[in-house]
Amino acid sequence: MKEEIENTLEVLKKGGIILYPTDTVWGIGCDATNPTAVEKVYKLKKRSETKAMICLVNSVKMLEQYVDQVPEPAYDIIDFSDKPTTIIYDNPLRVANNLVAADNTLAIRVVKEEFCEKLIYKFRRPLVSTSANISGEPSPESFSQIAPEILKGVDYVVNLQRSKTSNKPSAIIRIGNDLSVKVIRK
């Protein structure tokens, strides 16, 4: 795993995009603070920039650096959720502008998966995480289902967990700074 983290870090630091295992499905990722790298992900997925993508962080401490305010209910959701849960926050900070939704929100998940946690810890920045498919097509449930176009379009493919299967994306909850809560995806 250490070698894969080092190889991945090298690509991320150069503004490249990666294909990597997450706590949910295989994802396409990049440095969430680099607008050029974010644009590469949108182009590879053939996705409109009006459709926002998720960011992964490795801790609540990191989360607090990238949003203006973490609403109190978010801490309980992060601590007690029994499955990967992404929360949409108001007023993101220090991320690429083309990652922020038109309503000035950003979806962020505190990841609880060893490879992602260690990679983000060493990178010291959030990662973009979006399913490894062309926009509008089904998300692959395993590495073997990832389209050749995606495999060829990334700068690095992480060589871990290739036999992992998952068809379950994260739950998504929006929590406003006014403490309003809305479940987007269970």
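For a test of the definition: using alpha carbon positions, the gyration tensor, and the 1.5 limit on a/c, classify the stretch 1-148 as rounded, prolate or oblate.
rounded
How charged is the neighbourhood of Val70? Take every other residue with its Cβ under 15 Å from the Cβ of Val70, and add Lys/Arg as +1 and Asp/Glu as -1.
Once all neighbours under 15 Å are counted, the net charge is -3.
Give the relative contact order (percent, whole number) for the stretch 55-186; include only Cα pairs under 8 Å separated by 6+ residues.
31 percent
Can you spot the lysines whose alpha carbon is less than 21 Å from Lys2's alpha carbon? Ignore those fewer than 8 places along the same chain.
Lys13, Lys14, Lys112, Lys118, Lys122, Lys164
Quickly work out the Tyr75-to-Lys14 label distance, labels modelled 7 Å from Cα along the C-beta direction, and quote it in nm with one decimal.
4.2 nm
Sequence gap at least 6, Cα distance under 8 Å: using those rules, report the relative contact order of the stretch 7-105 to the nearest whole percent.
Here the relative contact order equals 26 percent.
Could you compute the net charge surrounding Asn177? Neighbours are other residues with a C-beta less than 10 Å from the C-beta of Asn177; K and R count +1, D and E count -1.
Summing Lys/Arg as +1 and Asp/Glu as -1 gives -3.
Quick one: ranking Ser81, Ser180, Ser170 by accessible area, 1.4 Å probe, largest first, what do you get?
Ser180, Ser81, Ser170
Under 8 Å for C-alpha pairs, at least 6 residues apart: give me the relative contact order for the stretch 113-186, rounded to a whole percent.
Value for the stretch 113-186: 19 percent.
Taking a cut-off of 14 Å between Cα atoms, list the aspartates and glutamates near Lys83, but don't count ones fewer than 8 places away on the same chain.
Output for Lys83: Asp23, Glu113.
The values are calculated or read from the model by the stated rules, or taken from the named source; none is laboratory data. All of these numbers come straight from a predicted model, not from anything done at the bench. Because the Cβ atoms are built from the backbone with ideal geometry, glycine has one as well, and the counts that use them run over all protein chains shown. Quick note on the areas: whole protein, heavy atoms, side chains included, nothing else; ligands and nucleic acids left out. Shrake-Rupley method; radii C 1.70, N 1.55, O 1.52, S 1.80 Å.
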